[in-house]
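Working notes, beginning with the structure itself.
The values are calculated or read from the model by the stated rules, or taken from the named source; none is laboratory data. Given the structure is predicted, the values throughout are model-derived calculations rather than measurements. Reconstructed Cβ throughout: ideal geometry from the backbone, glycine too, with neighbour counts over all protein chains shown.
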Amino acid sequence: MTSEEREYLFDQAVSLSELLYRQSDLLLELLEDVDSRDSIAARIDAIEDEGDFMFHDFATKFMTITIEPSERRMAVFQMVRHIEEGIDMLDELAKCVVRYNVTEVPAGFRSAVNCIAGAVKREMHLINVLRSYDYKHKDEFIRAVQEFDGFKVEYYKMHDILIYQLFSGDNDPIDVLRWKSVYDAVKAVFAAFEISADDCYKFVVFQDKSLVD
């Protein structure tokens, strides 16, 4: 892989991360204007379409890049692929808000969306850190990946608490159905982040000084 090809790969990863950031910014906007959920979800969906086009273009170009061994090649491809999957999951979350006619923003949902925004920022930072990868300092890069990966743990704990609260007491069955679906959609976002963190970890593990020929 040439240095130009390596720059191209990271350009795509950064560009997709920026789309994630735009989506998370719109989700934060949704917290303050839930009555505009339809139009905000439509804007998030348009970003998802942009991400699909960007990834398809990347996949076509990627086939012309020679990366050995095959494990390294898949690590690079999957790292970009699963950033795009995160974009899909944020789009699905926005659609859930519309689908289940969310008309209010409880504290749990506000916290969940803020957690997403924080995770997106960490992923953007991690991709930029990996761009300057130096095999002599592999341990530092592994720690950066682990810090991003550890972010999801707090949300998983929050998810358990939120679900428990839904099924405790005398809650309206419709509200239980609505928020169980929304909170599960948020959890799917963090599951995508977990896979993305694993991809970044593999990227570090499979690299060495021959990364750029």
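Would you say Phe193 is out of contact with any Ser or Thr (no Cβ under 9 Å at 6 or more places or on another chain), surrounded by 19 or more Cβ atoms within 10 Å (Cβ to Cβ) and within 19 Å of Asn114 (Cβ to Cβ)? So Phe193 passes the test.
Does the stretch 79-102 contain at least one residue that is modelled with pLDDT under 90, of a type outside the set (D, E, K, R) and in contact with an Asp or Glu (Cβ under 7 Å, 6 or more places away or on another chain)? Checked against the condition, which is being modelled with pLDDT under 90, of a type outside the set (D, E, K, R) and in contact with an Asp or Glu (Cβ under 7 Å, 6 or more places away or on another chain), the stretch 79-102 yields at least one hit.
Of everything in the stretch 95-154 that's in a helix (DSSP H, G or I) and among the acidic types (Asp, Glu), which residue is surrounded by the most Cβ atoms within 10 Å (Cβ to Cβ)?
Glu123
Being in contact with a helix residue (DSSP H, G or I) (Cβ under 6 Å, 6 or more places away or on another chain), modelled with pLDDT of 70 or more and of a type in the set (A, V, I, L, M) is the filter here, so list the residues in the stretch 192-213 that pass it. Within the stretch 192-213, Ala192, Ile195, Ala197, Val204 qualify. For the stretch 22-46, taking the residues that are farther than 19 Å from Ile87 by Cβ and of a type in the set (A, V, I, L, M), the one that is farthest from the chain's Cα centre (by Cα) is identified as Val34.
Residue count for the stretch 47-67 under the criterion of being modelled with pLDDT of 90 or more, of a type outside the set (D, E, K, R) and surrounded by 14 or more Cβ atoms within 10 Å (Cβ to Cβ): the result is 4.
Kindly indicate which of Lys138, Lys202, Lys187, Lys157 is of a type in the set (D, E, K, R) and over 24 Å from Gln78 (Cβ atoms). Write out each step before concluding.
Working: Lys138 fails: over 24 Å from Gln78 (Cβ atoms); Lys202 fails: over 24 Å from Gln78 (Cβ atoms); Lys187 fails: over 24 Å from Gln78 (Cβ atoms).
From the options Lys138, Lys202, Lys187, Lys157, the qualifying one is Lys157.
Residues in the stretch 64-83 include at least one that is among the polar types (S, T, N, Q) and free of Cβ contacts under 8 Å to residues at least 60 places away in the same chain.
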